[in-house]
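K.L.:
The structure's right below; bear with me while I get my questions together.
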Amino acid sequence: MSEQRYGEWVAVRRDGFVAELVLDRPKAMNAVSSEMARCITAACAALSEDRDVRAVVLTSTHERAFCVGADLKERNSLSDAEMLRHRPVSRAAYTGVLELPMPAIAAVHGFALGGGFELALSCDVIVADPTAVVGLPEVSVGVIPGGGGTQLLPRRVGAARAAELVFSARRVAAAEAHELGLVDRLVAEGEDRAEAMELARGIAANSPVGLRAAKKALRLGQGLDLRAGLEVEDAAWRTVAFSGDRAEGVAAFNEKRSPNWPGE
């Protein structure tokens, strides 16, 4: 397994076709400062360009937290002008995770609050253990979810449920979070990373061309009416129908062997 550092607090570890995007600011429970946001953005940009990466797992090195959200100590020191300059830096980190072209899985334990939960919501699948506590408490400190939460949460759980969670600013423990659909898989304590990596390895066995096209169709089709959504799907199908991966997949099936994806 290889590791590439992006600044002091973010790392990318490679395990075959799976990349692990690691939040590694333990002294601050992975609170997202301006510098950490830049590091997340840089790591995501590199991952997006890496054609050998078929799945990404977002993890934390802190034993009691996935990410507690924005660095409020830093925010408290910023002037209004500095806040405005900080906003694009912060937003780029969440956009970087959201726009990863390959499937992304969040492995959540402990606190995933505010921007921390928004990082998880920016992934396609959220795996959590029983210690997980999630929520969007921003209105309790006078702001709103600004890392995609007001848009991503209702797409998961519906408008009314999202409104209740955002307006109340309440924290949701793992069992209820799973019941409400805030997380997708609930696994044994301490197994969130291992389960997410196993899921990612299973995903990565599939066609990289197919995976990227399927994710694009799923994302672009959200919110569209059925007819428009089917046009999005058709456009995505056309990008894979004549690919080397499609030819290899059909050949491997007929020859009863595992495919050797060309990735194009």
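The values are calculated or read from the model by the stated rules, or taken from the named source; none is laboratory data. As the structure is a computational prediction, the values presented were derived from the model and not from experiment. Because the Cβ atoms are built from the backbone with ideal geometry, glycine has one as well, and the counts that use them run over all protein chains shown. For the accessible areas, the whole protein counts, side chains as well, though only heavy atoms, and no ligand, DNA or RNA atoms are used. Shrake-Rupley method; radii C 1.70, N 1.55, O 1.52, S 1.80 Å.
K.L.:
Which ³J(HN,Hα) values in Hz, rounded to whole numbers, follow from the phi angles of the stretch 13-19 under the Karplus curve 6.51 cos²θ - 1.76 cosθ + 1.60, where θ = phi - 60° and Gly and Pro get x?
P.N.:
10, 10, 10, x, 8, 9, 10
K.L.:
Sort out the exposed loop trypsin sites (Lys or Arg not before Pro) in the chain (DSSP loop, at most 14 other Cβ within 10 Å) and tell me the longest stretch that has none.
P.N.:
65-169
K.L.:
What is the dipole size for the stretch 166-264, taken about its Cα centre, with +1 at each Lys and Arg Cβ and -1 at each Asp and Glu Cβ, in debye to the nearest 20?
P.N.:
Its charge dipole is roughly 240 debye.
K.L.:
Still on this structure, please answer the following. Placing +1 on the Cβ of each Lys and Arg and -1 on the Cβ of each Asp and Glu in the stretch 151-197, which of G190, A163, A175 has its Cα farthest towards the positive end of the resulting dipole?
P.N.:
The one lying farthest along the dipole's positive direction is A163.
K.L.:
Suppose the chain between Q222 and S140 were pulled fully straight at 0.36 nm per residue; how much longer would it get relative to their current alpha carbon spacing?
P.N.:
Extending this stretch completely gives an extra 26.6 nm.
K.L.:
Keeping all protein chains in place, calculate the accessible area per residue for the chain (probe 1.4 angstrom), answer in Å².
P.N.:
50 Å²
K.L.:
Considering only A200, P145, L113, whose Cα is most displaced toward the positive end of the charge dipole of the stretch 3-205, charges sitting on Cβ of Lys, Arg (+1) and Asp, Glu (-1)?
P.N.:
Highest projection toward the positive end goes to P145.
K.L.:
Can I ask one more? Quick one: Karplus J couplings for the stretch 61-70, per residue in order, coefficients 6.51, -1.76, 1.60, θ = phi - 60°, nearest Hz, x for Gly and Pro?
P.N.:
8, 7, 6, 10, 7, 7, 5, 8, x, 5
K.L.:
Next up: Among (1) 71, 43, 41; (2) 89, 37, 29; (3) 61, 44, 40, which is the computed Cα extents along the principal axes in Å?
P.N.:
Answer by label: (3).
K.L.:
Starting from the stretch 177-264, pick out the chymotrypsin sites (Phe, Trp or Tyr not before Pro) whose DSSP state is loop and whose Cβ has at most 15 other Cβ atoms within 10 Å.
P.N.:
F242
K.L.:
While we're on this one: Note down the magnitude of the dipole of the stretch 3-205 about its Cα centre, charges +1 on Lys and Arg C-beta and -1 on Asp and Glu C-beta and zero elsewhere, to the nearest 20 debye.
P.N.:
That gives a dipole near 400 debye.
K.L.:
Among A217, P88, G135, whose Cα lies farthest out toward the positive end of the dipole of the chain, if unit charges sit on the beta carbon of Lys, Arg (+1) and Asp, Glu (-1)?
P.N.:
P88
K.L.:
Under a plain spin-label model, where a point goes 7 Å from the Cα along Cα-to-Cβ, how far apart in nm are E191 and A247?
P.N.:
4.3 nm
K.L.:
So, in Å, what gap is there between the alpha-carbon centers of the stretch 181-207 and the stretch 70-98?
P.N.:
The two parts, judged by their Cα centres, are 30 Å apart.
K.L.:
A further question follows. With n ≥ 4 as the cut-off for DSSP H runs, can you work out [θ] at 222 nm for the chain, using -39500 (n - 2.57) per run divided by the number of residues, rounded to the nearest 500?
P.N.:
So the calculated ellipticity at 222 nm is -15000 deg cm²/dmol.
K.L.:
Whole-Hz ³J(HN,Hα) for each residue in the stretch 108-116, computed from phi via Karplus 6.51 cos²θ - 1.76 cosθ + 1.60 with θ = phi - 60°, x for glycine and proline: what do you get?
P.N.:
Per-residue couplings from phi come out as 10, 9, x, 6, 10, 10, x, x, x Hz.
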